[in-house]
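Some notes on the structure that comes next.
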Amino acid sequence: MAVQISPSILTADFARLADVAAQVAGVADWLHVDVMDNHFVPNLTLGLPVVQSLLKATSLPLDCHLMIEDPDRWAPEYAEAGAGSVTIHAEAAKAPVRTLRAIRAAGARAGFALNPGTAVQQYEDLLGEIDMLLVMTVEPGFGGQSFLDVMLPKISKARELIGKHGGEVWLQVDGGVSAKTIERCAEAGADVFVAGNAVYGSGDPARAVQDLRDQAERATGAA
């Protein structure tokens, strides 16, 4: 699987989302959109109406990460709106198989996210229902947090289980991904990288995306 970079708009200027998207158009693979409801996580960001507007303003496919209390209710609507990928959390979904299938039926890739304290082994049987597994490398809720090195063995375990089942499941990491951490994530087996501050906190977001891609590709090749 080729390395993919998904810049997160969480720490970008919400008043200029079209411009924010344009800054990485042509170099990023996805635009990562964190949807938070102030219930599942202690933060409130944006919702479906903003996603629908953003879809009209960018050609980048949207990678919607739902950190919300009732993903079973809302996730299919993000897929129906045109998101390219919709990720729900294991800790919030009450009917994950049904919801993941509904996301796929609506035309989006189905993602499944695990908080740092959630073991990947207990969801091994769901690998056939997903297109992407997201290992959170910080506690979800806020951008700018420090990468949790203790998640590296979990990334490796996730890659092992994906390989065991022979599926084409992407392995995404989100949280504290930067020039200092992306190579370790790639060596552990990740192939899709969410980066917020490392991209939009730099003076040149497009250059930052390319530099991160170069680092991840080198590390993947060496591994």
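The values are calculated or read from the model by the stated rules, or taken from the named source; none is laboratory data. These figures come from a predicted structure and were not determined experimentally. Cβ atoms come from the backbone with ideal geometry, glycine included; neighbour counts cover every protein chain shown.
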Quiz item: Can you spot a residue in segment 120-141 that is touching a helix residue (DSSP H, G or I) at 6+ places or on another chain (Cβ under 6 Å), assigned to a loop (DSSP other than H, G, I, E, B), farther than 20 Å from D63 by Cα and touching a residue at least 24 places away in the same chain (Cβ under 8 Å)?
Solution: yes
Quiz item: Can G163 be described as small (G, A, S) and not in a loop (DSSP other than H, G, I, E, B)?
Solution: yes
Exercise. Find all pairs meeting these conditions: Cβ atoms under 7 angstrom apart; at least six residues apart or on different chains; first residue within segment 159-174 and touching a residue at least 60 places away in the same chain (Cβ under 8 Å); second residue of a type in the set (V, I, T) and in a loop (DSSP other than H, G, I, E, B).
Key: D174/T137
Quiz prompt | Pairs, first surrounded by fewer than 24 Cβ atoms within 10 Å (Cβ to Cβ) in segment 80-91, second assigned to a strand (DSSP E or B), C-beta under 7 Å, six or more apart | solution = G84/L62; G84/D63; G84/R109; A90/F112; A90/A113; A90/L114
Practice problem: Any chance you could count how many residues in segment 94-109 are assigned to a loop (DSSP other than H, G, I, E, B) and within 22 Å of E168 (Cβ to Cβ)? | Solution: 3
Quiz item: So which residues in segment 1-22 are surrounded by 21 or more Cβ atoms within 10 Å (Cβ to Cβ) and of a type in the set (S, T, N, Q)?
Solution: S6, S8
Quiz item: What residue, among those in segment 60-69 that are out of contact with any Gly (no Cβ under 7 Å at 6 or more places or on another chain), surrounded by fewer than 24 Cβ atoms within 10 Å (Cβ to Cβ) and modelled with pLDDT of 95 or more, is farthest from W30 (Cα to Cα)?
Solution: I68
Quiz item: Among (1) small (G, A, S); (2) surrounded by 17 or more Cβ atoms within 10 Å (Cβ to Cβ); (3) without any contact (Cβ under 8 Å) to a residue 12 or more places away in the chain, which single condition is G117 missing?
Solution: (2)
Quiz item: Do we have any residue at all in segment 72-89 that's farther than 28 Å from R16 by Cα and either of a type in the set (F, W, Y) or at pLDDT below 95 (or both)?
Solution: no
Self-check item: Checking A190 against (1) over 18 Å from H32 (Cα atoms); (2) part of a loop (DSSP other than H, G, I, E, B); (3) among the small types (G, A, S); (4) in contact (Cβ under 8 Å) with a residue 40 or more places away in the chain, the condition it does not meet
Solution: (1)
Self-check item: Index of the failed condition, A179 passing every other in (1) of a type in the set (G, A, S); (2) closer than 16 Å to V3 by Cβ; (3) out of contact with any strand residue (DSSP E or B) (no Cβ under 8 Å at 6 or more places or on another chain); (4) outside any loop (DSSP other than H, G, I, E, B)
Solution: (4)
